[in-house]
Amino acid sequence: MMIGRNDPCWCGSDKKWKHCHYPQTESIHPTDSQALRELYLREYHIIIKTEKQIAGIKRACELTSEIVDKTCAMAKEGVTTQELNDFAHKLHLDAGAIPAPLNYGSPPFPRSICTSLNEVICHGIPGPTKLKNGDILNIDASCLLNGYIGDCSRMVMIGDVSEEKKLVVDVAYECLMRSIAILKPGVFVYEIGDVIEDYAQSKGCSVVNQFVGHGVGVEFHEGPQVPHHRNQIKIPLVPGMTFTIEPMINAGGREAVIDSHDKWTARTRDGSPSAQWEHTILITETGHKVLTPWIRGQA
Ligand code: MF3
Ligand code: CO
């Protein structure tokens, strides 16, 4: 999901986000759960989920994670990203699910998963490119199952990968897992960006700030936006929130350039490698639960 403080606000006001619903700081003192639900929806476009919704989202997340794992297992030298797409597409249909990326947005995203290779930061479009020795690849799937959505992605390394590529793959993974570790009710959204940016900087990498994590579950992209870079979004996490964290980490500079022809593929401006891992997470009464159960294997 794309952001910018200067982009139009999600509420449809035609005002810039920063002049409209950009979260400021008001501390929130909800008196009951229904009041909290209404407040979060009104102020932040955040859908606090019911138990029934959580059960549906959990199933969608499990399927998404399984599709990502199975598709990653197919990613070998000589295989095209189109073949990975077609394989993943069929897994969705076989499970009675719809791939949420297909026809999403404007111009409509033309494939069922995103495949982002090497210097591609995110939203890579599957096509005739064959995987080759030394590539790093992110596979990102989002499944709509029985009206609920899960979203996750992971990296695969093909053959012998350079030290620079290994570094971004490792740093992006650590950024994701370290930021998940702090999640519990009362933590502010901006604390996620602090953890990620501190760690990436300590390893000499940069954090992409043109794309963000997002609320997910009932809609593909709900509030809040979850920046991976340092930010000031002072929204307290509350139980029943479901959102992604999907840090995009570059070995060089953070700037992303969107392909002028396909309007989707985001690449590093300097051509340096980029890596991303993504989970969907639920905030619980006592902490958090990762809903997309992939576990990092060989990559
Ligand atoms: N995890 C990505 C996101 O949340 C999935 C993008 S699918 C696309 O933006 F269709 F938007 F490309
Ligand atoms: Co996402």
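A few notes on this one:
- Annotation: of all residues in the range 180-193 being touching a residue at least 40 places away in the same chain (Cβ under 8 Å) and not in a helix (DSSP H, G or I), the one that is surrounded by the most Cβ atoms within 10 Å (Cβ to Cβ) is Leu183.
- For the range 212-230, a residue qualifies if it is more than 15 Å from the chain's Cα centre (by Cα) and either buried (at least 21 other Cβ atoms within 10 Å of the Cβ) or within 20 Å of Thr280 (Cα to Cα) (or both), and exactly one does: Val218.
- Taken together, the criteria exclude Gly223 from residues that are small (Gly, Ala, Ser), away from ligand 1 (no atom under 11 Å from the Cβ) and at positive phi.
- Annotation note: Cβ proximity below 6 Å between a residue of the range 255-276 that is on the phi > 0 side of the Ramachandran plot and a residue that is away from ligand 1 (no atom under 12 Å from the Cβ) and in a loop (DSSP other than H, G, I, E, B) (sequence gap 6+ or interchain) occurs for Gly271/Glu119.
- Scanning the range 99-116 for residues that are outside any strand (DSSP E or B), polar (S, T, N, Q) and in contact with a Leu (Cβ under 8 Å, 6 or more places away or on another chain) returns a single hit, Ser112.
- Of all residues in the range 98-117, those satisfying the criterion of being surrounded by 23 or more Cβ atoms within 10 Å (Cβ to Cβ) and either among the hydroxyl-bearing types (Ser, Thr, Tyr) or more than 16 Å from ligand 2 (Cβ to nearest atom) (or both) are Ser112, Thr115, Ser116.
- Residues being away from ligand 1 (no atom under 16 Å from the Cβ), farther than 21 Å from Arg269 by Cα and either assigned to a loop (DSSP other than H, G, I, E, B) or not basic (Lys, Arg) (or both) - total across the range 117-144: 4
- Taking first residues from the range 1-15 that are over 25 Å from Ile121 (Cβ atoms) and modelled with pLDDT under 80 and partners that are part of a loop (DSSP other than H, G, I, E, B) and of a type in the set (Ser, Thr, Tyr), no Cβ contact under 9 Å between residues at least 6 apart in sequence or on separate chains turns up.
- Every residue from the range 38-86 that is closer than 14 Å to Thr115 by Cα and not in a helix (DSSP H, G or I): Ala75, Lys76, Val79, Thr80
- Failed criterion for Met177 (all others in (1) surrounded by fewer than 24 Cβ atoms within 10 Å (Cβ to Cβ); (2) closer than 22 Å to Val68 by Cα; (3) among the aliphatic types (A, V, I, L, M); (4) touching a residue at least 60 places away in the same chain (Cβ under 8 Å) hold): (4)
- Residue tally, condition modelled with pLDDT under 70 and touching a Phe, Trp or Tyr at 6+ places or on another chain (Cβ under 9 Å), over the range 26-57: 2
- The single condition among (1) surrounded by 23 or more Cβ atoms within 10 Å (Cβ to Cβ); (2) closer than 25 Å to Gln53 by Cβ; (3) out of contact with any Ser or Thr (no Cβ under 8 Å at 6 or more places or on another chain) that Val169 does not satisfy is (2).
The values are calculated or read from the model by the stated rules, or taken from the named source; none is laboratory data. Just so it is clear, the model here is predicted, and its values are computed rather than measured. Virtual Cβ from ideal backbone geometry, glycine too; neighbours counted across all protein chains shown.
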